[in-house]
Amino acid sequence: MISIIIQILLISVSVAMDAFAVSIGKGLTVSRVRVQDAVKSTLWFGGFQMLFPILGYFAASTFSKYVTQFDHWIIFALLVFIGGNMVHEAFEEDEENSKETAQFDWKHMLSLAFMFTKAHMAFAILSIGVVTGLFSAAGLHIGRAFGSRWQKPAQIAGGVVLILLGIKVLLEHLGVIAF
């Protein structure tokens, strides 16, 4: 039970890192962070991070009988892909960050939120949403206060943790390790 909670919290922090990095970039574009901007960022990013596990759960429930034999490969591939993408994006030019706007309207926040992305499902969904929301709000303030210094390390750390979790899932299902 404790192991599952730790894994859920690690996943929550890892997926929040991408939103955290984007929020730092967003914070760089404003002269001050207003409360309503932090709330909007929290709701958009946290909400979308909560939505994706719900959609995944329903998709898994619907198609589980077809993918049970190789679901660990799907989980592994998705986590490595997402984590690798986060690490790759961290090393890209800072051009993308310079294109950020200070706008917090639904069009801008929706497109940013879309970029990210069985047992104890309610806890996992709530944990992911709350942690992502808090990291997003903190990222705005950190971006405004300290600049882009923490954006790349946060994105790399989140990506590496997702890759390691993907490898762990694969190795457990292959019987190489048991946690």
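List the pairs whose first member sits in the stretch 9-32 and is assigned to a loop (DSSP other than H, G, I, E, B) and at pLDDT below 80, whose second member is small (Gly, Ala, Ser) and surrounded by fewer than 24 Cβ atoms within 10 Å (Cβ to Cβ), and whose Cβ atoms are under 7 Å apart, counting only residues at least 6 apart or on separate chains?
Correct list of pairs: THR29/ALA102; VAL30/ALA102.
Does PHE48 qualify as being in a helix (DSSP H, G or I), closer than 17 Å to LEU78 by Cβ and open to solvent by less than 60 Å² (accessible area, probe 1.4 Å)?
Numbers: in a helix (DSSP H, G or I): yes; closer than 17 Å to LEU78 by Cβ: yes; open to solvent by less than 60 Å² (accessible area, probe 1.4 Å): yes.
Considered against the rule, which asks whether it is in a helix (DSSP H, G or I), closer than 17 Å to LEU78 by Cβ and open to solvent by less than 60 Å² (accessible area, probe 1.4 Å), PHE48 comes out as yes.
Could you check the stretch 167-177 and list, in sequence order, the residues that are closer than 16 Å to ILE6 by Cβ and either assigned to a helix (DSSP H, G or I) or open to solvent by 70 Å² or more (accessible area, probe 1.4 Å) (or both)? Please lay out each step first, then the result.
Quick first cut of the stretch 167-177, residues closer than 16 Å to ILE6 by Cβ only: 168-169, 172, 177.
Result: LYS168, VAL169, GLU172.
Please specify each residue of the stretch 103-115 satisfying the condition of being in a loop (DSSP other than H, G, I, E, B) and either open to solvent by less than 50 Å² (accessible area, probe 1.4 Å) or at pLDDT 75 or above (or both). Working first, answer last.
Of the stretch 103-115, the ones in a loop (DSSP other than H, G, I, E, B) are 103-105, 115.
Within the stretch 103-115, PHE104 is the sole residue that qualifies.
Do you know which residues across the stretch 51-87 are in a helix (DSSP H, G or I), more than 12 Å from the chain's Cα centre (by Cα) and β-branched (Val, Ile, Thr)?
Of everything in the stretch 51-87, those that are in a helix (DSSP H, G or I), more than 12 Å from the chain's Cα centre (by Cα) and β-branched (Val, Ile, Thr) turn out to be ILE54, THR62, VAL67, ILE74, ILE75, VAL80, VAL87.
Yes/no matrix, rows are residues, columns are (1) in contact with a helix residue (DSSP H, G or I) (Cβ under 7 Å, 6 or more places away or on another chain); (2) open to solvent by 40 Å² or more (accessible area, probe 1.4 Å):
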| position | (1), (2) |
| --- | --- |
| GLY25 | yes, no |
| LEU28 | yes, yes |
| ALA38 | yes, no |
| PHE63 | no, yes |
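Regarding ARG149, is this residue assigned to a helix (DSSP H, G or I) and modelled with pLDDT under 70?
Working: assigned to a helix (DSSP H, G or I): yes; modelled with pLDDT under 70: yes.
Judged against the criteria, ARG149 is a match.
The values are calculated or read from the model by the stated rules, or taken from the named source; none is laboratory data. Given the structure is predicted, the values throughout are model-derived calculations rather than measurements. Counting neighbours? That spans all protein chains shown, and the Cβs are built from the backbone with ideal geometry, glycine included. Remember, those area values only see protein heavy atoms, side chains included, never the ligands or the DNA or RNA. Shrake-Rupley method; radii C 1.70, N 1.55, O 1.52, S 1.80 Å.
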